[in-house]
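Asker: Sending over a structure as structure tokens; questions will come in a sec.
The values are calculated or read from the model by the stated rules, or taken from the named source; none is laboratory data. All values reported here derive from a predicted model rather than from experimental measurement. Glycine gets a Cβ as well: all are built from the backbone with ideal geometry, and neighbour counts include every protein chain shown. Heads up: the accessible areas ignore ligands, DNA and RNA and are worked out on the full protein's heavy atoms, side chains in. Shrake-Rupley method; radii C 1.70, N 1.55, O 1.52, S 1.80 Å.
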Amino acid sequence: TAIYAYEPQASDELALRVGDQIVTLQEYDDGWGYGRNLSSGGQEGVFPIDCIAKQAAPAKDTGKGSKNRGSSLYVSPN
């Protein structure tokens, strides 16, 4: 989601408005990304990464039961 507006300065840049839904397709080391603006009909282009909210990657499900870690201080006998 765009948290700052951005006006393109070049033809390959993506316009952003606060609240636009952005799919980041590539993130570059220079602070820019390439993505698609779902709120503007799917336009694609480069944009400053700082203009969008970072979303945490979903936790991987290891399939090993509970995701809660119990204390190792108190071990109940079986």
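Okay, residues lined up against (1) modelled with pLDDT under 95; (2) open to solvent by 60 Å² or more (accessible area, probe 1.4 Å):
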site: 26; (1), (2): no, yes
site: 32; (1), (2): no, yes
site: 47; (1), (2): no, no
site: 62; (1), (2): yes, yes
site: 73; (1), (2): yes, yes
site: 76; (1), (2): yes, yes
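Asker: Say we look at the stretch 11-24 and pick out the residues that are small (Gly, Ala, Ser) and within 15 Å of residue 1 (Cα to Cα); which of these is surrounded by the most Cβ atoms within 10 Å (Cβ to Cβ)?
Answerer: That would be 15.
Asker: Out of 40, 66, which single residue is at pLDDT 70 or above, farther than 15 Å from residue 3 by Cβ and small (Gly, Ala, Ser)?
Answerer: Numbers: 66 fails: at pLDDT 70 or above.
Every option except 40 fails the conditions.
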